[in-house]
């Protein structure tokens with residue numbers, strides 16, 4: 001017999017919520033095959049089976065909170081799979097392994113006919129049809145085997161449209177994000193200041209090309225972040241975290257970048273040890289994180305250890321945002337859209353209008369360590385370093 005335990009999920013993570021079992025009692029399991037999904041306050045992860053055999057016991061229900069190291073299941077390495085089983089809390093779970101989820105609710109890769117029960121589990125094709133048509137699967141009566149929702153059922157429901165209101169529970173991601181942000185606003189006395197700075201460096205970047213010599217995309221976010229990180233060397237108190245009413249100023253700068261995840265809230269992947277990175281190196285590091293985020297391969301360590309956060313413009317028309325501080329940090333820099341604007345330039349003592357580029361930088365800060373004047377000084381220093389950035393040598 002092989003015990004299945006909840007493994008370590010990263011530094012400082014001590015527990016997780018079992019959100020889905022991919023196998024039921026009596027099913028055959030291959031070594032390293034996804035066995036269950038666990039959700040922490042940082043990331044959702046699929047846990048592989050530690051052994052091959054037959055799943056004989058499931059010791060925790062979906063939705064239960066489990067400490068790392070705790071037993072969650074038992075695998076008989078010499079067992080024979082049964083045709084069906086009703087033993088244990090895992091009975092009745094989806095019989096096949098899942099695909100990557102389309103949204104917050106996990107889905108299971110099966111045939112086009114899957115019963116929509118209390119968890120509203122449907123096939124990927126049916127889920128897409130219902131989602132695009134604005135119809136909740138729980139409102140559809142299936143005509144397939146055992147009441148399964150078929151593709152034709154979904155198409156018919158979308159054509160007729162929803163007939164009643166549906167109460168939709170918050171996803172785990174949205175709920176956790178709301179909890180963290182509420183704690184932050186209650187813990188830290190927030191302040192905010194914004195300044196407009198010269199962004200003509202982006203003219204140079206556009207002329208040279210928006211890729212590094214290694215082929216990684218150079219974003220507005222990467223360029224501003226390089227200046228922001230270098231400015232932190234002169235404003236160390238902003239690269240800090242609070243713990244038990246004690247401020248720790250960090251010598252290592254680890255920058256988190258806000259990323260929106262479909263409709264399931266936000267994640268903040270971290271580039272560790274960012275001080276001293278060139279624009280080329282930062283572009284590569286952020287591209288690697290974004291690739292792992294897109295493929296759901298981020299681990300807990302990728303999301304921990306941040307000492308300062310950068311929040312980019314949410315659209316090309318965003319002037320600025322006023323983000324909430326990511327606890328236990330003390331500041332978060334927001335980047336507005338880089339814009340072409342009319343600027344007044346003095347020529348031989350005469351003011352003339354010319355087309356220039358500007359960007360608004362904002363800083364949400366913890367009033368326990370900073371005030372508006374110091375925050376503005378930091379942002380202006382970021383603007384000076386941004387204007388003097390030699391993108392040709394750093395790309």
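Where both bridge residues fall in region 172-394, DSSP classifies roughly 85% of the beta bridges as antiparallel.
Calculate, for residue 190 and residue 76, the FRET efficiency according to 1/(1 + (r/R0)^6) with r their C-beta to C-beta distance and R0 45 Å; round to the nearest 0.05.
0.25
Just so you know, the Rg over Rh for region 172-394 is 0.97, from Cα atoms, with Rh as the Kirkwood radius. Mean silhouette area of region 160-233, derived from the convex hull of its C-alpha atoms and averaged over all directions, reads 11.7 nm². The length gained by stretching the chain between residue 278 and residue 291 to full extension, at 0.36 nm per residue less their Cα-Cα distance, is 2.7 nm.
At a Förster distance of 56 Å, what's the computed FRET efficiency of residue 14 paired with residue 352, Cβ-Cβ distance as r, to 0.05? After rounding, the FRET efficiency stands at 0.35.
Which shape class, rounded, prolate or oblate, goes with region 352-395 when its Cα gyration tensor gives a ≥ b ≥ c as root eigenvalues, a/c under 1.5 marks rounded, and past that a/b bigger than b/c marks prolate? Oblate. A straight line joining the Cα centroids of region 26-59 and region 276-292 runs 32 Å. Per-residue packing, averaged as other Cβ atoms within 10 Å, sorts the ranges 317-325, 333-341 into the order 333-341, 317-325, beginning with the highest.
When the P(r) of region 226-335 is calculated, the portion above 17 Å amounts to 55% of the C-alpha pairs. Note on residue 31 and residue 180: with the Förster distance fixed at 41 Å, the Cβ-Cβ geometry gives a FRET efficiency of about 0.70.
No lab work stands behind these numbers, since they all come straight from the coordinates. Please read all numbers here as calculations on a predicted model, not as lab measurements. FYI the Cβ positions are ideal-geometry reconstructions off the backbone, even for glycines, and counts take in every protein chain you see.
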